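Every number in this text was worked out from the coordinates using simple rules, so none of it is lab data. In this text, all values refer to a predicted model and were calculated from it rather than measured experimentally. Neighbour counts run over all protein chains shown; Cβ positions are idealised from the backbone, glycine included.
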Amino acid sequence: MNYDTLKISNQQAEDILFKLFQIQGKASVLPGEVDFNFRIKVDNSEGYILKISRPNENVDYLDFQQKLLQFVEENGQNLITPKVICDSDGKAISEITDDFGNKRKVRLLSWISGRVWSAVNPQLNDLRFSLGEQCGRLTKALQGFEHPEAHRQFEWDVAQSLWTKAHVNLFKNEEKEIVQYFQNSFQKHEASYSKLRKGVVHNDANDNNVIVSSDLIQPKVQAAIDYGDAIHTQIINDVAIACAYAIMHHNDPLEAALPIVKGYHSTFALQEKELMHLYNAIAMRLVISVTKSAINKIEEPNNKYLLISEKPAWEVLKKWRNISADFAYFSFRNVCGRDAHPNEDDFKIWASKQDYKLTDLFPYIDKNEVLELDLSVSSKWVGHQKDFSDLDVFQFKINQLQKKNPHKIIAGGYLEPRPLYTSNTYDKIGNYGKESRTIHLGVDFWLPEHTAVHALFDGEVVLAVDDSGEKEYGGLVVLKHKAEKLEFYTLYGHLSVASATKNKAGDIIKKGEKIGALGNAEENGNWVAHLHFQLMLSLLDYISDFPGVAYFNQIEVWKSICPNPNLLFKSETLQNQMETSNDDLISYRKQHLGKSLSLQYKVPIKTVRGAGQYLVDQFGRKYLDTVNNVAHVGHEKYEVVKAGQEQMALINTNSRYLHDNINDLAKELIETLPPELSVLHFVNSGSEANELAIRMVKAYTGERDVIASEVGYHGNTNMCIDISSYKFDGKGGSGAPEHTHVFPLPDAFRGKYRGKHSAEKYAEEVKKQIDIVHKKGRGVAAFIIEPIISCGGQIELPQGFLAKAYKHVRAAGGLCISDEVQVGCGRMGKTFWGFQLHNVVPDIVTIGKPLGNGHPVAAVACTPEVAEKFANGMEYFNTFGGNPVSCAIATEVLRTVKREKLQENALNIGTYLKEELNMLAREFPIIGDVRGLGLFLGIELVDSNMNPLAAQTDYLANRMKDHGILMSTDGPDHNVLKIKPPMVFTKENAEELIFYLRKIFAEDFMQF
C-alpha cells in the first residue's frame, strides 16, 4: 500500500486519542519506521506518545511490547521508562478502523521529558558513559522476561544480519568492499558468536530513542524509549547498537565507543568472550542500516526517516574499517577493567623467570650496566629542539656522555613522552583536536653504527624491510617467538638496511644468531646510531612495519600490547620513571603556596616545554597558545634563548659597569620611538616600569594625584595597585586611594557613553577628574592609560579620545603616561607602539612583558626634560635592571621582531582573524562585539539585552582547552575572550582557532 495513504494526520490522531482515551491534546508527528507516532501535549501534564500501527499489524508483537514495558516497570529499580496507558475500556491495545476500512492498533504511553540524543551538543565522554550505564540497567531489568514474539525473525537483529549478503549488489567499489569485509568477518566467527549469552534487550538505543536530561553542563541519559525493536538475542548486540549510533559524527569512533562500553559494564558486567565480538557486532549493525537505507530508497522513497542515518552510518563504517579489530578488542577489555592484552599477565610471569643480559643482545659490547638517557618532553638534557635536531650536536653530546661513562650502555625511553619527532606523518584530528604520536614504546640503546645485534631467543622472521623512507626505523626486523603457551614478537629498528633485508620472511633465526647491525644516521632519519628494541604481544594488522610511538590517549592499551623490554633484562636503571601527577602538584600548591596564586582552567594543565606558538604538556600534547603575549616572538625562540645563554656564560652584573649590551638595547629601542622619547631607564618588570614612571611624574610635577581609567591595571607593586582600578575596585580591594582619580571605562560598546560621540564625552570625564583635583587645592601629577585597555576587556579607545585627554591633562600641568606593557613592540600591527595609533606622543612610555620574551626585563622611556627633573640627586639604582644578560635577550627580541617582520605579521594575521571573528559574530549573535588591533583582540559575549554572559565565556575557554587551544577571559564582567598570542601566530593557526570557536559556539550551553 502506498506510504502516503497510510499516513495519519495530526487532526486524525487527536480525534483517535479523544475517542479511545477521553483525552484532549495537541498532536505533532514523531519519526518512526513502522508505527505512526505522535507527541501529545496536554495542559498541566507531561503528555503522552500515541502510537498507531500500520494495517494488519501482528497483535502478538504489540502485546510483546506492552508486556515488556509492564515488566520493566515492575523490575527496573530507578529506571525511567514509558508507562502503558490503558484506554477507557481498560485495554492496553486498542483498535480503530481507518478511512480505507483497515484495522489499525492504537497504544498510548506516558511521555518522557528531556531531549533526544540527536539534539544534544556536545556529546562528551560523561554523556556516553551514562548511555552505556542506562542501557546496562535496562538489560539487567529485562533479565527473566519471556514472550513468544521475542524470538521472531527480525532484520534489525545483529544475530540475523547475514541476510544483508543477498543485497551487496546495491553497493559499488569501496562501499561494497567494506560491507563484504564485515559480513565475511562476522560469518567467520559465527560459531563462537552463536554461543554467547542471550536475553531480551532493548536493541535500538539510536539517537532518536535515547532521552537526555535538560542539564546543559552535565547532561545524563535518563531513559530509552520505543521498545519496538526489542528482541531475544546476544546481549552484546545491545551494547553494539548503543555504540553504533552514538559514535556517529566523531573523528575517532573507537575512542567515542569506549565510555559507552565502560558505562554498560558498570551496571551489567560484560564477559570477556562477548567483548571479542563487539567490534564485528557494531559493524554489522551499521551494515544493516546502510543496507536497509539502500533498499528503502527503492521501496519507500518518500519515507525520510528510513534514510536518516545513512550518511553518518557510512562515515562510521569507513572509519571503523581502518581500526584494527584486535586493537578495538584490547581497548574494550581495558575499559572493562581487564588487562588490555589477554596474555599480558602470562607474559610477565614467564619473563620474570628469564635471565637475559645486554651482552646477549650485543655480544661484542662487553657492557651490562645501563646509563639512562632521558629524552622526554621534560628533559633538560635534550635542550632546545633546534639543538636536538642538529645531528652533529646530538652526536657530540652522546659521545661526551659515553666518555664520562665508558663502562655503561646509554639507554632508555620506554613509555617516554617524546615531542622530538618533527614529522607530522602520523598526526591526526581526534575527537578533541590535533593528536600526535608521542609515547615511545620501546627501549633505545645508543651504540656505534655497525654494532652487531643478536637474537635473544629462537624466532621466525615475519618482517624484514627497508623502513627508511618513512624515517621511522631504517632497517626493520620483527621476529615471532613461542615460549610455553605464549606467542610474542621482538622488533629491532634502526638497523642498516642492508643487514636487515638479508633476512627474509619465514627465515628461522636461532638464539644467539646475528639479526643485523646498527645503521648510520642517514638511514635512521638523521638520528644518531642506536637500536630501537621493542616487545609486542600482537602484530595487530600491521604487515610492513609496526608503531614505535603511540598516541597518549591510547597508552593503557599500548603498554599492554608492548610490555617493558626491561622485563627481560631486569635493570634497575631502565625502570620507567612516572611523572608526578597533576593532582599531587595541585595538592602541594594548596598546602605551601599562597591561595592568591590561582590556576587557569577547571582542569589545570602542566606545561613543560614551549615551541613557537605552542605550549607542550608532560605527555607531549601541544596546545595552541592564544593567551601568552609574554612570549612575544614565540615560546623558547632559539635566537633569544641563545643570546641569553651566551651572555650568561660570560658575565652578568649591574649597570654601574660599562657594557655594550645596555647601549645596544637602548639603540634598538630608541629607533622605534619618536625623537621626543630619547632617554631610557631599564628595570625588571612592567610593574617596576610603572612604579618608576609614577616616581618620575611626582619628581617632575611635585604633585601626587594620578588620573586613571576604570578597570585599568598597571602592576602588582603598592604604588601600581594604588592606580589600578582593576585591583582596588575588585575583589579584596578597598576603593580608590585619596590621590587616585578614576574616570569611566572608555568603552564605546557597553560603557557609560556609546556610539559616535563617546570620545568627547569620555575626554570630558577626564576633565571632570582634573576639576575635582583642583577643587581640593592640588595639581595633577599624571594621566596613565593603556592604548588598548587589557583587563578592561581589550577595550579600544574611541578615536580622538586620547588626544583630547592628553590636551586636558597637559593644560593642567600633568604628564601623560602610555602603558605599553601589554600592547607594545609591534603587536598592534599598524604601529610599533599603541600610542602611535592615536597620533599622540606621551611624556613617558612604560614597556614590559614583550621585551624579554619571558625573561624579566622592562624599560621606561621618557623625554629629556622628565629625565632631567628626575635626576634630582637621589640616585636611581636597580641591581638587575639593565644587566648584560637581560639586555642581550631584549635586544635579540627587538631584532627578531624587525628581522622576521613580525609587526607586519601581526597586521596581516590580526586583520584576517578580526574579519573571521566578525563573520562568526554574524553567525552567533552571542558575540556582541569584536575589537582590538593586530594580535590583541577581544570578543565580548552578551545576550540580546546586552547583559554580560560570564558563564558562557568561561565555558568556552575551558572547552577550547579540551581541543588543544588555550584561551582566557577578561573584562570587568568576565565576559570577554582575549586573543593575544605569540607574534609568530600564522594564518593556519587563525583558521584552526576559528574552526573550533565555531564548533564550541554551536554547543547547547552557548545558546542563551
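Things to note:
- Estimated FRET transfer efficiency when R0 is 51 angstrom, pair Lys756-Asn716 (beta carbons, to 0.05): 0.85
- Net charge contributed by nearby residues that have their C-beta within less than 15 Å of Arg750 (K/R +1, D/E -1): -4
- The stretch 744-832: C-alpha gyration tensor shape, a/c 1.5 cut-off, then a/b vs b/c: oblate
- A protection proxy built from the mean count of other Cβ atoms within 10 Å ranks the segments 837-850, 132-145, 18-31, 149-162, most packed first, as 837-850, 132-145, 149-162, 18-31.
- The chain - percent relative contact order, Cα under 8 Å, separation 6 or more: 8
- Inter-label distance, nm, simple model (7 Å from Cα along the C-beta direction), Lys807/Gln575: 7.6
- Of the beta bridges in the chain, as assigned by DSSP with both residues counted there, near 85 percent are antiparallel.
- Full extension of the chain segment joining Asp943 with Arg656 gains 97.6 nm, where the gain is 0.36 nm per residue of separation less the Cα-Cα distance.
- Between Lys602 and His167, the modelled label-to-label distance comes to 4.3 nm, taking each label 7 Å out from Cα in the direction of the beta carbon.
- For the pair Glu988 and Ser214, a Förster radius of 45 Å applied to the C-beta separation gives a FRET efficiency near 0.70, rounded to the nearest 0.05.
- Taking a Cβ cut-off of under 11 Å around Met719, the surrounding Lys, Arg, Asp and Glu residues balance to a net charge of 0, with basic ones at +1 and acidic ones at -1.
- FRET efficiency, 1/(1 + (r/R0)^6) with R0 60 Å, evaluated for Ala498 and Lys731 via beta carbons: 0.30
- Report note on the peptides 648-660, 454-466: ranked by the mean count of other C-beta atoms within 10 Å, highest first, their order is 454-466, 648-660.
- Residue exposure sequence - Lys999, Lys380 - by fewest surrounding Cβ within 10 Å: Lys380, Lys999
- Burial order of peptide ranges 984-994, 546-556 (average beta-carbon count within 10 Å, highest first): 546-556, 984-994
- Taking every C-alpha pair closer than 8 Å and separated by at least 6 residues, the mean separation divided by the residue count of the stretch 902-1006 gives a relative contact order of 27 percent.
- Long-range tail of P(r) for the stretch 115-335 (Cα pairs > 22 Å, %): 47
- Charge tally around His147: other residues with Cβ under 12 Å, Lys/Arg +1 each, Asp/Glu -1 each, net -2.
- Listed values (i) 1.05; (ii) 0.94; (iii) 1.02, entry calculated as Rg/Rh (Cα atoms, Kirkwood Rh): (i)
- In plain terms, the chain from Arg152 to Lys7 could stretch by 49.6 nm, reckoned as 0.36 nm per residue minus the Cα-Cα distance.
- Here the label points at Ser324 and Trp381, each 7 Å from Cα along the C-beta direction, are separated by 2.9 nm in the simple model.
- Using C-alpha pairs under 8 Å with a sequence gap of at least 6, the mean separation divided by the residue count of the stretch 115-335 gives a relative contact order of 30 percent.
- Contour minus Cα-Cα distance for Glu556 and Glu272 (0.36 nm per residue): 100.5 nm
- Crossing angle, helix 173-188 versus the chain [Cα axis fit, 0-90 degrees, rounded to tens]: 60
- For the stretch 658-881, taking the reciprocal of the average inverse distance between every pair of different Cα atoms yields a Kirkwood hydrodynamic radius of 17.5 Å.
- At 0.890 mPa s and 25 °C, Stokes diffusion of the stretch 3-110 via Kirkwood alpha-carbon radius, µm² per second: 171
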